[in-house]
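Here is the structure we will look at.
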Amino acid sequence: MKRSRLRQAAAALLSLLIILCGGCGKQSQELSEKPDYKPGITTVLTPEFGKADTVEVDPLTLDFSYTDQGYFMGRLSGSEHKVNIQVIGPDQVEYKYFLEEADTDTAFPFTAGSGPYTVLAFENIGGDRYASLLSYSVSVELANDFLPFLYPNQYVDFTQDSEAVRLAAELSADCEEDLDALTAIYSYITEHISYDDEKAATVETGYLPDIDETLDSGKGICFDYAALTASMLRSLSIPARLNIGYSGDIRHAWVDVYIESVGWVRKAVQFNGNEWEMMDPTFAAAIGDDELTNDYIGDGENYSLQYIR
């Protein structure tokens, strides 16, 4: 097997192994504490326009009514518009999002937590050229630090009607603790979703995962694995971060998960029901290349985080 093929296989298995992470109804916006995990019960927090604090510059409307919930909203009016939204928070990381669909409400998370944010908007005026629409400063004080990792957004996109949410309820029905639910979701995804080599080779810039399409097709890339897992966990009131960056020199997406009895579990690659391990011998055995194991996992330092969604 050529090294390029080994790299694809490594990325595929890493995508599989890294997915630990980590009655239904709409949750009230007045959420000051993390909701408790309940077996088989999904609670989809629904971002919405509050209209109490809006900024409008045609064709864009931004709503900052629920910043304490960890998000702001965007909406385009009319058709044939494309707007680039840039968010810079207290971590000084520049997050870029795009709005193209008219009259659709879109949530943008404050993933850097409480603190000062600058929101910039630019309208596409042809080709790769953009013109400035607005610059807006906002001070965010989250009701609790988990909220950005419980709500859906462009990257972790789910609703109460998502098949993935229904499946999360089904898989967790007999799971008394969030740790058990994590195990059930981890096991299902690693057993039922295969890595899509063709998609990995042809995926275009700006791709956003469709979690129900991933379930229906039974295959996906690391981005799909991470978005599906984070969506299912969030719907069960289990906070999950979708991380984007690199593992070794491979572009990668993975998930951190918050478990009540453990706290935030980060950069783990194998979960056996009781603990997470960094150097999993199964990885080396499956790939048959110890060098690749060190390239992509090592002691955890090989993970390079760029964005949190």
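The values are calculated or read from the model by the stated rules, or taken from the named source; none is laboratory data. Just so you know, these numbers come straight off a predicted model, no measurement behind them. Note: ideal-geometry Cβ built from the backbone for every residue, glycine included; neighbour counts use all protein chains shown.
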Would you call N124 over 23 Å from K51 (Cβ atoms) and assigned to a strand (DSSP E or B)? yes
Assuming E56 fulfils every condition listed in (1) under 21 Å from A112 (Cβ atoms); (2) assigned to a strand (DSSP E or B); (3) more than 22 Å from the chain's Cα centre (by Cα) apart from one, which condition is it? (1)
Under 26 Å from E176 (Cβ atoms), surrounded by fewer than 24 Cβ atoms within 10 Å (Cβ to Cβ) and touching an Asp or Glu at 6+ places or on another chain (Cβ under 8 Å): is that true of I238 in this structure? no
Can you give me the number of residues within segment 182-233 that are surrounded by fewer than 24 Cβ atoms within 10 Å (Cβ to Cβ), of a type in the set (D, E, K, R) and more than 26 Å from P39 (Cβ to Cβ)? 8
Enumerated strands (runs of 3 or more DSSP E) restricted to segment 171-276, each holding at least 3 residues that are out of contact with any helix residue (DSSP H, G or I) (no Cβ under 8 Å at 6 or more places or on another chain), outside the structural domain of L99 (by TED's automatic domain parsing) and acidic (D, E): none
Among the residues of segment 186-239, write down those that are within 16 Å of Q154 (Cα to Cα), over 14 Å from the mean Cα position of the chain (by Cα) and not charged (D, E, K, R). T205, G206, T214
As an exercise: evaluate D161 against (1) within 30 Å of H81 (Cβ to Cβ); (2) in a helix (DSSP H, G or I); (3) of a type outside the set (S, T, N, Q) and give the number of the one condition it does not meet. (2)
Here are G74, G50: which of them is part of a loop (DSSP other than H, G, I, E, B), within 20 Å of V138 (Cβ to Cβ) and touching a Ser or Thr at 6+ places or on another chain (Cβ under 8 Å)? G50
Take A184 and tell me if it is closer than 20 Å to I259 by Cα and in contact with a Cys (Cβ under 9 Å, 6 or more places away or on another chain). yes
